[in-house]
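The values are calculated or read from the model by the stated rules, or taken from the named source; none is laboratory data. Just so you know, these numbers come straight off a predicted model, no measurement behind them. Counting neighbours? That spans all protein chains shown, and the Cβs are built from the backbone with ideal geometry, glycine included.
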Amino acid sequence: MIISAIIITYNEEKNIRDCLEGLKWADEIIVVDSESQDKTVQIAEELGAKTYSQKWQGYGRQKNYALSKATGDWILSIDADERVTPELAKEIQERLVSPSFSGYKIARKAYFLDRWIKYGGWYPGYVLRLFQAGKARFAEKEVHEYVELSSKAGYLKNPLLHHTDDTLDHYLDKFCKYTSLASKELYVHRKRASFFDLFLRPILFFLKMYVAKRGFLDGIHGFILAVLSSFYIFVKYTKLWEKEKGV
């Protein structure tokens with residue numbers, strides 16, 4: 001049973017070493033880099049990864065390209081800011097001795113501004129990341145891509161560690177990029193921004209995240225995250241409105 005880990009990167013020298021150190025147990029590591037300007041590729045090669053360079057094609061297409069380079073029977077897809085713990089690695093290897101499903105969802109223990117976010121809908125936040133080769137592909141979305149599996153998935157007990165945003169600047173850099181990509185995808189699919197999208201949807205999202213999903217239990221971190229997340233919704237639809245008007 002060969003297990004391939006696949007990762008897409010761009011200027012991830014800060015994260016890639018720790019990410020790959022947690023994957024030493026995998027039989028094969030595939031890194032597809034989008035023309036990084038830092039030492040991402042050098043570090044990946046030093047740690048034994050097979051590296052490929054491809055101009056950025058969008059999250060889904062980029063991950064499908066990485067998938068096409070993997071030779072394993074099973075694929076583990078993770079991001080550079082995620083970490084596989086020894087407990088999760090052991091569980092994966094033991095589960096794949098006699099798998100009951102062709103794919104498995106893994107919880108993510110996400111850290112925002114160096115705090116584990118337990119509420120607001122963030123945890124466990126299961127994502128399908130482990131799947132049998134030939135049984136799944138990535139939806140070719142501009143952003144927030146996901147795995148499309150041809151059958152029902154199982155669940156693993158141990159989580160991935162996700163060091164998503166250690167500074168507000170890092171969050172805001174992604175914020176600008178992701179809202180632009182998300183609005184572009186909405187526009188391509190002929191979605192249009194309404195008063196509900198611009199005014200009510202952000203408010204309802206804040207209430208859902210902060211109140212209904214108890215984000216307030218994460219203290220000031222939970223409040224900041226709920227505000228930023230609702231503002232994300234507002235900016236995404238404002239950018240969509242901007243596209244409609246041809247601004």
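Odds and ends about this structure:
- The set of residues from the stretch 98-119 being closer than 16 Å to Asp166 by Cβ and in contact (Cβ under 8 Å) with a residue 40 or more places away in the chain comprises Arg108, Lys109, Ala110, Tyr111, Phe112, Leu113, Asp114, Arg115, Ile117.
- Checking each residue in the stretch 72-82 for being of a type outside the set (Val, Ile, Thr) and either under 12 Å from the mean Cα position of the chain (by Cα) or not assigned by TED's automatic domain parsing to the domain that holds Leu20 (or both) picks out Ser77, Asp79, Ala80, Asp81, Glu82.
- Of all residues in the stretch 191-220, exactly one satisfies the criterion of being on the phi > 0 side of the Ramachandran plot and part of a helix (DSSP H, G or I), namely Gly219.
- Close Cβ contacts (under 9 Å, 6 or more residues apart or on different chains) running from residues in the stretch 24-35 that are in contact (Cβ under 8 Å) with a residue 40 or more places away in the chain to residues that are in a loop (DSSP other than H, G, I, E, B) and among the hydroxyl-bearing types (Ser, Thr, Tyr) comprise Asp27/Thr71; Glu28/Thr71; Ile30/Thr71.
- Per-region count, the stretch 164-184, residues surrounded by fewer than 16 Cβ atoms within 10 Å (Cβ to Cβ), in contact (Cβ under 8 Å) with a residue 12 or more places away in the chain and in contact with a strand residue (DSSP E or B) (Cβ under 8 Å, 6 or more places away or on another chain): 1
- For the stretch 95-123, the tally of residues that are part of a loop (DSSP other than H, G, I, E, B), under 28 Å from Phe205 (Cα atoms) and either modelled with pLDDT of 95 or more or aromatic (Phe, Trp, Tyr) (or both) stands at 9.
- Breaking point among (1) surrounded by fewer than 17 Cβ atoms within 10 Å (Cβ to Cβ); (2) farther than 26 Å from Lys90 by Cβ; (3) over 15 Å from the mean Cα position of the chain (by Cα), for Ser151: (2)
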